[in-house]
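Here's the structure we're looking at; comments come further down.
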Amino acid sequence: MAGRTEWHKKNTSLKGRKPHGILFGRMQWAMLLFCLMIAALLFERRNIVYTSSGLTLDVLEQSLFTAESPEKEAECLLIWDSSVPLSASARKQMSDVLSEMKVSFREQDMQENGRLSLSGYENVVIATDDYDVFGEQIFDIFDAVKNGTNLLTVCPPSSLTYYSLVMGWMGIREIGYEQYRVAGLRFASDFMLGGEGKDFEISDPYDSSSTVSLYEDCTIHLVSADDRELPIIWECSYGKGTVVVNNLNYFEKAYRGFYAASYSLLSDVCVYPVINASAFYLDDFPSPVPVGEGKYIEQDYHMDIGTFYTNVWWPDVKDLAEKYGVRYTGLVIENYSDENSAPLEGSSDIQRFRYFGNDLLDMGGEIGYHGYNHMPLVLDNFDYGDEFDTYKPWESPDDIRAAMAELDRFCRELYPDEAFQVYVPPSNILSKEGRQILAEDFLDVKAIASIYFTGEQEYEQEFEVAADGIVETPRVISGYVLDSYMQIAALSELNMHFVSSHFQHPDDTLDEDRGAALGWETMRNNLDHYMDWLYTSAPMIRNLTGTETAGAVQRYYYLDPQVERLEDEIRISLSNFQDEAWLFVRINEGSPAGVQGGELTELAGGLYLLRADAAEISIGLASGD
């Protein structure tokens, strides 16, 4: 009681004033807290109102690309044997590689025409493992090399009868009868981008490569990643010509860059156009967030899926973009219903779409179409095989049109200043009927981004412009596991097209088959390591959105260079040059000494990136002595 009286005495002089002061202070704090909450909300939602960032590289009108390809003499003879299955595979990949490099070449099938005529060719590619088919003509090939023709061989021999007679001129001292299983690749030189200091594992290796020992005057570029270090790619001189041997023996898209790099070693100078694009796609983003908990998310973060996406996954994905300058392309899924006919219910839950989508746009990204729901644009005549048993075909072409029209309406309501020019097929599946509807009824779609590699039902693509004008921009790798096959493919495409194209899904973090059991921290670090390798290996590669990548592919696809090698100069004329062009320039003799019409940057040993600012470019050459 005494304490209470003392307190009363100390505070009687404040009677009539103190309570108001306390009330006013509480109101101040309440108002301050309210203002902070409003400010935080405005900050969080600041991207609801956005200004379209605009594209730095748009898809141009097709009418601009009218120039006829220049008449060029075939510089290369590609020799193969249709009676040998391995040769047919080698011929297919080498034909694709030479075409992508815009090399003028002629093919000769030894089964159709067994008589060789080598006159006039700068380079010869042998794409068969059966050297007995040449008979005594094998000496004619090496007489041509001795007199200045260059030779690339891409198939280890299946018979040594004639091969053993000329193998010394290919730098080979000894060769075994058994082939060697190469489980990994190691670079012995820096002739390819991204290879130095890193071993690359080969998935599903087989007995593929000849067991050889070489003469000391060979330059070895690639070896097996083991104690033996078996030579895989090497070069040597024979007379006035250069011989390059590719002992890899894997003929599929994932290895094209190794064959392009091998071919570029032949001539004194090799020039070919590239795309120069790094694109990262976010499939199913924005989209409805799955309800509930994910096993590994709950285990590691003790939060539900929606909270994890908002507070962990998206901030981490944004941090990677900021760290490496990436500009994501997000692909909208309106809902995950199984509707397959009109009328369509649509979606009214748009809060998270606006938050995530506008945040992505504020980062300089782009938004494209993925689907009204996750049902691919196929009809009941499409065969899913034993996969995708939950997918339902659309009942008619008009229902496909209705689904795309509803997705278009939904996206334009949410992002009124955005252009929607990229379409990514759900599960990378797209029927010919669905694709025709996109081309004829949704003219704003400028690019389709599916996948580069062959699948069971997937829509496989090359980097090209289709006959209907849609630009094909395949994605090469995906996800957060980034296994050995993807690493080889990424390395290859960096050297084939100077391109990186990757896609990921938010729900990769929920799926064990896509790495969820690793935990998000490991998954994120895997992607971080890939990005670090990419931008360390190729700091000149451009970060582009999906539409910008389509613009880069379009310019690349129509470009056709003519190259003239003079004693102290390289002259390059570009047919169908528009506002820019990018090319790889391999200089095997001499070194560059000044450029007119562009800018040259060294990327690897003897390999340069040329940015062309005009249709006519001149590169001065200094003697290599």
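The values are calculated or read from the model by the stated rules, or taken from the named source; none is laboratory data. Note that the structure is a prediction, hence the values are computed from the model and not measured. Every residue, glycine as well, gets a Cβ built from its backbone with ideal geometry; the counts of neighbours run over all protein chains shown. Side chains included, ligands, DNA and RNA excluded: accessible areas come from the protein's heavy atoms. Shrake-Rupley method; radii C 1.70, N 1.55, O 1.52, S 1.80 Å.
Counting only residues that are aromatic (Phe, Trp, Tyr) and assigned to a helix (DSSP H, G or I), which one in region 157-169 is surrounded by the fewest Cβ atoms within 10 Å (Cβ to Cβ)? If you could, list the steps in order and put the result at the bottom.
Quick first cut of region 157-169, residues aromatic (Phe, Trp, Tyr) only: 162-163, 169.
Next, from what is left, pick out any that are assigned to a helix (DSSP H, G or I): 163, 169.
Working: TYR163: 22, TRP169: 19.
It comes out as TRP169.
Please go through region 76-121 and give me each residue that is touching a residue at least 24 places away in the same chain (Cβ under 8 Å), open to solvent by less than 40 Å² (accessible area, probe 1.4 Å) and not aliphatic (A, V, I, L, M), ordered by number.
CYS76, TRP80, ASP81, SER87, GLN93, ASP96, GLU100, SER104, GLN108, ASP109, TYR121
Could you list, in sequence order, the residues of region 464-492 that are touching a residue at least 60 places away in the same chain (Cβ under 8 Å) and either open to solvent by 40 Å² or more (accessible area, probe 1.4 Å) or out of contact with any Ser or Thr (no Cβ under 7 Å at 6 or more places or on another chain) (or both)?
Within region 464-492, GLU464, VAL465, GLY469, VAL471, GLU472, ASP483, TYR485, GLN487, ILE488, ALA489, LEU491, SER492 meet the criteria.
Residue check, MET540 against (1) over 20 Å from GLN487 (Cβ atoms); (2) open to solvent by less than 60 Å² (accessible area, probe 1.4 Å), all met but one. Which one?
That leaves (2) as the condition not met.
LEU534 is checked against (1) hydrophobic (A, V, I, L, M, F, W, C); (2) touching a residue at least 60 places away in the same chain (Cβ under 8 Å); (3) closer than 30 Å to THR219 by Cβ; (4) open to solvent by 40 Å² or more (accessible area, probe 1.4 Å) and fails just one. What number does that condition carry?
Only one criterion in (1) hydrophobic (A, V, I, L, M, F, W, C); (2) touching a residue at least 60 places away in the same chain (Cβ under 8 Å); (3) closer than 30 Å to THR219 by Cβ; (4) open to solvent by 40 Å² or more (accessible area, probe 1.4 Å) is unmet by LEU534, namely (4).
Looking at region 217-235, I want the residues that are at positive phi and have a partner that is surrounded by fewer than 23 Cβ atoms within 10 Å (Cβ to Cβ) with Cβ atoms under 9 Å, at least 6 apart or on another chain. Which pairs are those?
Taking only residues 6 or more apart or on different chains, the pairs are GLU229/ARG186; GLU229/ALA188; GLU229/ILE220; GLU229/VAL223.
How about region 275-378: which helices (runs of 4 or more DSSP H) wholly inside it have at least 3 residues that are open to solvent by less than 30 Å² (accessible area, probe 1.4 Å)?
Details: elements: 295-301, 305-308, 314-324, 351-362.
Helices (runs of 4 or more DSSP H) meeting the threshold: 305-308, 314-324, 351-362.
Only residues that are charged (D, E, K, R) and either within 20 Å of SER427 (Cβ to Cβ) or surrounded by 18 or more Cβ atoms within 10 Å (Cβ to Cβ) (or both): list them for region 379-400, please. First the steps, then the outcome.
Of the residues in region 379-400, the ones charged (D, E, K, R) are 380, 383, 386-387, 389, 392, 395, 398-399.
The answer is ASP380, ASP383, ASP386, GLU387, ASP389, LYS392, GLU395, ASP399.
When you scan region 419-441, do you find a residue that is hydrophobic (A, V, I, L, M, F, W, C), modelled with pLDDT of 95 or more and more than 28 Å from SER500 (Cα to Cα), even just one?
Taking region 419-441 and keeping what is hydrophobic (A, V, I, L, M, F, W, C), we get 419-420, 422, 424, 429-430, 437-439.
Retained after the next criterion (residues that are modelled with pLDDT of 95 or more): 419-420, 422, 424, 429-430, 437-439.
Then drop every residue that is not more than 28 Å from SER500 (Cα to Cα), which leaves 437.
Yes, region 419-441 has at least one match.
Can you list residue pairs whose Cβ atoms sit under 8 Å apart, with the first residue in region 156-173 being more than 13 Å from ASN247 (Cβ to Cβ) and in contact (Cβ under 8 Å) with a residue 60 or more places away in the chain and the second being open to solvent by less than 30 Å² (accessible area, probe 1.4 Å) and part of a helix (DSSP H, G or I)? Count only pairs 6 or more apart in sequence or on different chains.
Pairs that qualify, where the first residue is more than 13 Å from ASN247 (Cβ to Cβ) and in contact (Cβ under 8 Å) with a residue 60 or more places away in the chain and the partner is open to solvent by less than 30 Å² (accessible area, probe 1.4 Å) and part of a helix (DSSP H, G or I), are TRP169/PHE142; TRP169/VAL145.
Could you grab me the full set of residues in region 122-156 that are surrounded by fewer than 20 Cβ atoms within 10 Å (Cβ to Cβ), assigned to a loop (DSSP other than H, G, I, E, B) and at negative phi?
GLU122, ASP130, GLU136, ASN147
Any residue in region 414-435 that's touching a residue at least 60 places away in the same chain (Cβ under 8 Å) and in a helix (DSSP H, G or I): show its pairings with residues that are open to solvent by less than 20 Å² (accessible area, probe 1.4 Å) and among the aromatic types (Phe, Trp, Tyr) at Cβ separation under 7 Å, as long as the two are six or more apart or on different chains.
LEU414/PHE353
Report the residue count in region 342-381 for those that are touching a residue at least 60 places away in the same chain (Cβ under 8 Å) and farther than 29 Å from TYR324 by Cα.
Residues flagged as touching a residue at least 60 places away in the same chain (Cβ under 8 Å) and farther than 29 Å from TYR324 by Cα within region 342-381 amount to 8.
Can you say whether VAL563 is touching a Phe, Trp or Tyr at 6+ places or on another chain (Cβ under 7 Å), surrounded by 14 or more Cβ atoms within 10 Å (Cβ to Cβ) and either of a type in the set (Lys, Arg) or not in a loop (DSSP other than H, G, I, E, B) (or both), as far as the supplied structure shows? Give the steps one after another, and end with the answer.
Details: touching a Phe, Trp or Tyr at 6+ places or on another chain (Cβ under 7 Å): no; surrounded by 14 or more Cβ atoms within 10 Å (Cβ to Cβ): yes; either of a type in the set (Lys, Arg) or not in a loop (DSSP other than H, G, I, E, B) (or both): yes.
The answer is no for VAL563.
Looking only at residues that are touching a Phe, Trp or Tyr at 6+ places or on another chain (Cβ under 8 Å) and open to solvent by 10 Å² or more (accessible area, probe 1.4 Å) in region 446-461, which one is farthest from GLN504 (Cα to Cα)?
Per the stated criteria, the residue is GLN457.
Is it the case that ALA419 is of a type in the set (Gly, Ala, Ser), touching a strand residue (DSSP E or B) at 6+ places or on another chain (Cβ under 9 Å) and open to solvent by less than 30 Å² (accessible area, probe 1.4 Å)? It would help to see each step written out before you state the result.
Working: of a type in the set (Gly, Ala, Ser): yes; touching a strand residue (DSSP E or B) at 6+ places or on another chain (Cβ under 9 Å): yes; open to solvent by less than 30 Å² (accessible area, probe 1.4 Å): no.
Here the answer is no, as ALA419 does not meet what is asked.
Part of a loop (DSSP other than H, G, I, E, B), of a type outside the set (Asp, Glu) and within 17 Å of ARG256 (Cβ to Cβ): is that true of LYS102 in this structure? Show your work before the answer.
Working: part of a loop (DSSP other than H, G, I, E, B): yes; of a type outside the set (Asp, Glu): yes; within 17 Å of ARG256 (Cβ to Cβ): yes.
It is true that LYS102 is part of a loop (DSSP other than H, G, I, E, B), of a type outside the set (Asp, Glu) and within 17 Å of ARG256 (Cβ to Cβ).
For region 211-247, which residues satisfy the criterion of being within 22 Å of ASP140 (Cα to Cα), under 29 Å from the mean Cα position of the chain (by Cα) and surrounded by fewer than 15 Cβ atoms within 10 Å (Cβ to Cβ)?
Matches in region 211-247: none.
Among what's in region 498-531 and is acidic (Asp, Glu) and open to solvent by 10 Å² or more (accessible area, probe 1.4 Å), pick the residue that is nearest to ALA449 (Cα to Cα). Before the answer, list the steps.
Just the residues of region 498-531 that are acidic (Asp, Glu), to begin with: 507-508, 511-513, 521, 528.
Cutting the leftovers down to open to solvent by 10 Å² or more (accessible area, probe 1.4 Å) gives us 507, 511-513, 521, 528.
Details: ASP507: 19, ASP511: 23, GLU512: 25, ASP513: 23, GLU521: 28, ASP528: 23 Å.
In this case the residue turns out to be ASP507.
Can you find a residue that is without any contact (Cβ under 8 Å) to a residue 12 or more places away in the chain, under 24 Å from the mean Cα position of the chain (by Cα), closer than 22 Å to LEU266 by Cβ and assigned to a strand (DSSP E or B) anywhere in region 592-614? Show your work before the answer.
From region 592-614, those without any contact (Cβ under 8 Å) to a residue 12 or more places away in the chain are 602; that's our starting set.
Right, trim to under 24 Å from the mean Cα position of the chain (by Cα) and you get 602.
Imposing the further condition that a residue be closer than 22 Å to LEU266 by Cβ reduces the set to 602.
Remaining after also requiring assigned to a strand (DSSP E or B): 602.
The answer is yes; a qualifying residue exists.
Sort out which residues of region 436-453 are in a loop (DSSP other than H, G, I, E, B) and either out of contact with any Lys or Arg (no Cβ under 9 Å at 6 or more places or on another chain) or free of Cβ contacts under 8 Å to residues at least 12 places away in the same chain (or both), and write them in order of number. Full working, then the answer.
Step one: of region 436-453, the residues in a loop (DSSP other than H, G, I, E, B) are 442-446, 449-450, 452-453.
Of everything in region 436-453, those that are in a loop (DSSP other than H, G, I, E, B) and either out of contact with any Lys or Arg (no Cβ under 9 Å at 6 or more places or on another chain) or free of Cβ contacts under 8 Å to residues at least 12 places away in the same chain (or both) turn out to be LEU443, ASP444, VAL445, LYS446.
Go through region 566-579 and report how many residues are assigned to a strand (DSSP E or B) and either open to solvent by less than 10 Å² (accessible area, probe 1.4 Å) or on the phi > 0 side of the Ramachandran plot (or both). Spell out the reasoning first.
At the first step, the residues of region 566-579 found to be assigned to a strand (DSSP E or B) are 569-575.
Imposing the further condition that a residue be either open to solvent by less than 10 Å² (accessible area, probe 1.4 Å) or on the phi > 0 side of the Ramachandran plot (or both) reduces the set to 570, 572.
Counting residues in region 566-579 that are assigned to a strand (DSSP E or B) and either open to solvent by less than 10 Å² (accessible area, probe 1.4 Å) or on the phi > 0 side of the Ramachandran plot (or both) gives 2.
Where in region 477-560 are there helices (runs of 4 or more DSSP H), lying fully within it, with 3 or more residues that are among the charged types (D, E, K, R)?
Details: elements: 484-496, 520-537, 546-558.
The helices (runs of 4 or more DSSP H) meeting that bar are 520-537.
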